[in-house]
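*Asks:* Mind looking over this structure? Questions follow.
The values are calculated or read from the model by the stated rules, or taken from the named source; none is laboratory data. All values reported here derive from a predicted model rather than from experimental measurement. All Cβ positions, glycine included, derive from the backbone under ideal geometry; neighbour counts span all protein chains shown.
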Amino acid sequence: MSKVGKKLIEIPQGVEVAISEKMVSIKGPKGSLEVARLNGIDVKMEDQGILCSAQDEKTQTTMNWGTMRSLIQNAIEGVTQGYVKSLELEGVGYKVSMEGTTLVLKVGFSHLVKFPAPEGITITTEGNKITVFGMEKQAVGQAAADIRKIKKPEPYLGKGIRYSGEVVRRKTGKKAGTTA
């Protein structure tokens, strides 16, 4: 029995849900998303919302049950509010700017690093802060991770690209040894 899967998914005002044999289509104020139905999972419309249930008691089916419910819930949240990830640049001379939909980073390399925004993702910059916005939770997280991967924060000076609020564990540098 899945604790997550058996919960009812509430449908907010302004959101339309269409359930077909292979897909669950969700339309909202920010756009529309489709979620592929997983094997062995029934998705039904109720008066109050959407209910997922497992067709059998196989291990994979019970694992898919909670996953299917979470995917639908994330899609509903994406078409109503969207998802945001914030990143910060830390380091002397590190700069960020936008050229159209391409993020241009100056992060200590001999060249500028250009990161084109993936489809469905909006990237904005303000000072040394980068904001990644989109409807799909996975796509926003992946785009933010790809930007961070360009120059991860290093442990000695803390320079690099980090998530907002991320704490970078710092190491002590070399200590001057005293010789007698």
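Results for (1) assigned by TED's automatic domain parsing to the domain that holds GLU154; (2) touching a residue at least 12 places away in the same chain (Cβ under 8 Å), shown as yes or no for each residue.
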position: THR59; (1), (2): no, no
position: SER70; (1), (2): no, yes
position: LEU87; (1), (2): yes, yes
position: GLU90; (1), (2): yes, yes
position: TYR94; (1), (2): yes, yes
position: PRO116; (1), (2): yes, yes
position: ILE123; (1), (2): yes, yes
position: ASN128; (1), (2): yes, yes
position: GLY134; (1), (2): yes, yes
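*Asks:* In region 126-149, what residues are basic (Lys, Arg) and either in contact with a helix residue (DSSP H, G or I) (Cβ under 7 Å, 6 or more places away or on another chain) or modelled with pLDDT under 95 (or both)?
*Replies:* LYS137 - this is the single residue of region 126-149 that is basic (Lys, Arg) and either in contact with a helix residue (DSSP H, G or I) (Cβ under 7 Å, 6 or more places away or on another chain) or modelled with pLDDT under 95 (or both).
*Asks:* So in region 80-105, with the set limited to residues that are under 14 Å from the mean Cα position of the chain (by Cα) and buried (at least 18 other Cβ atoms within 10 Å of the Cβ), which one is nearest to ILE147 (Cα to Cα)?
*Replies:* LEU87
*Asks:* Right, another one. In region 107-125, what residues are under 21 Å from GLU166 (Cβ atoms) and either in contact with a strand residue (DSSP E or B) (Cβ under 6 Å, 6 or more places away or on another chain) or modelled with pLDDT of 95 or more (or both)?
*Replies:* VAL113, PHE115, ILE121, ILE123, THR124, THR125 - these are the residues of region 107-125 that are under 21 Å from GLU166 (Cβ atoms) and either in contact with a strand residue (DSSP E or B) (Cβ under 6 Å, 6 or more places away or on another chain) or modelled with pLDDT of 95 or more (or both).
*Asks:* What do you reckon, is SER110 polar (S, T, N, Q), without any contact (Cβ under 8 Å) to a residue 12 or more places away in the chain and not assigned by TED's automatic domain parsing to the domain that holds MET23?
*Replies:* Yes: the conditions hold for SER110.
*Asks:* Residues of region 11-51 being under 20 Å from GLU119 (Cβ atoms) and among the small types (Gly, Ala, Ser), which ones?
*Replies:* Scanning region 11-51 gives SER25, GLY28, GLY31, SER32, ALA36.
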